[in-house]
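Q: Supplied in structure tokens, the structure appears directly below.
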Amino acid sequence: MLRPAERNDAHVLVFAYEQVSAEVVTVLRRTALETGLPVVLVVNAITESELLVAIENRVVAILPRGAVSAERLVHSVTTAAAGGGVLPPNMVGELLKHIERLQREVLAPNGLNASGLTPREVDVLRLMADGKDTQEIAGELCYSERTVKNVIHNLTHRLKLRNRSHAVAYALRAGMI
């Protein structure tokens, strides 16, 4: 058990609650902002909307209170510390359904994919990562050079990136390309 002042020494935080209430969400949100540490949440039950709020606030593992054992808790903490996550199978299914709805109802109607980029932006970034200049990209994609420049400008402006190199590095680190 750590006092709030000692949380800087932790690598993973574990919280146990009966249910996810407004007070619990406030604690998770504050902790995420203050520490940025991954959280293992032990709780009796959690709804889909509560699951999404928990994930937004650095919860990477959820253990049903009735199924907690020392071995499962250690596994969850170790996995969280390594950058992974642990969810019961039914929660994984709910999360996948939510991602599918998000793709279908929000991203696709706006011409975006899960990375937040349009297919055109992904194509341009991949070719930039291959070292191609504007003229080569335009020729390969059958676009005008002006179109390629506009794609790059809009992408760097929207993502607040400084230049082409920064855009490629950002896309690679984020797994967008």
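Q: So Met1 clears everything in (1) open to solvent by less than 50 Å² (accessible area, probe 1.4 Å); (2) at pLDDT below 95; (3) of a type in the set (A, V, I, L, M) except one condition, right? Which one?
A: (1)
Q: Is there a residue being in contact (Cβ under 8 Å) with a residue 60 or more places away in the chain, open to solvent by less than 60 Å² (accessible area, probe 1.4 Å) and outside any strand (DSSP E or B) anywhere in segment 80-101?
A: Yes.
Q: Still on this structure, I have one more. Read through the list (1) open to solvent by less than 20 Å² (accessible area, probe 1.4 Å); (2) outside any helix (DSSP H, G or I); (3) β-branched (Val, Ile, Thr), then give the number of the only condition that Val14 fails.
A: Val14 satisfies every listed condition except (1).
Q: Specify which of the listed residues (Leu117, Leu125, Leu73) is closer than 30 Å to Val12 by Cα, surrounded by 11 or more Cβ atoms within 10 Å (Cβ to Cβ) and in contact (Cβ under 8 Å) with a residue 12 or more places away in the chain.
A: When all the criteria are applied, what remains is Leu73.
Okay, residues lined up against (1) under 21 Å from the mean Cα position of the chain (by Cα); (2) closer than 12 Å to Leu87 by Cα:
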residue	(1), (2)
Val25	yes, no
Thr31	yes, no
Pro38	yes, no
Glu50	yes, no
Val53	yes, no
Pro64	no, yes
Val68	no, no
Glu71	no, no
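Q: A further question follows. Restricting the search to segment 160-177, which residues are open to solvent by less than 70 Å² (accessible area, probe 1.4 Å), in contact (Cβ under 8 Å) with a residue 24 or more places away in the chain and not small (Gly, Ala, Ser)?
A: Initial filter on segment 160-177 (open to solvent by less than 70 Å² (accessible area, probe 1.4 Å)): 161, 166-169, 171, 174-177.
Next, from what is left, pick out any that are in contact (Cβ under 8 Å) with a residue 24 or more places away in the chain: 167-168, 171, 174-177.
Selection gives Val168, Met176, Ile177.
Q: Kindly establish whether Thr134 is open to solvent by less than 30 Å² (accessible area, probe 1.4 Å), at pLDDT 90 or above and of a type in the set (Ser, Thr, Tyr). Spell out how you get there, then give the answer.
A: Numbers: open to solvent by less than 30 Å² (accessible area, probe 1.4 Å): yes; at pLDDT 90 or above: yes; of a type in the set (Ser, Thr, Tyr): yes.
Spelling it out, Thr134 is indeed open to solvent by less than 30 Å² (accessible area, probe 1.4 Å), at pLDDT 90 or above and of a type in the set (Ser, Thr, Tyr).
Q: From Val148, Val106, which residue is under 18 Å from Glu56 (Cβ atoms) and either open to solvent by 50 Å² or more (accessible area, probe 1.4 Å) or in a helix (DSSP H, G or I) (or both)?
A: When all the criteria are applied, what remains is Val106.
Q: Of all residues being hydrophobic (A, V, I, L, M, F, W, C), in contact (Cβ under 8 Å) with a residue 40 or more places away in the chain and in a helix (DSSP H, G or I) in segment 20-58, which is surrounded by the fewest Cβ atoms within 10 Å (Cβ to Cβ)? Just the residue, please.
A: The selected residue is Leu52.
The values are calculated or read from the model by the stated rules, or taken from the named source; none is laboratory data. Values in this document were obtained by computation on a predicted structure and should not be read as measured data. Here the Cβ is made from the backbone with ideal geometry for all residues, glycine too, and neighbour counts use every protein chain on show. For the accessible areas, the whole protein counts, side chains as well, though only heavy atoms, and no ligand, DNA or RNA atoms are used. Shrake-Rupley method; radii C 1.70, N 1.55, O 1.52, S 1.80 Å.
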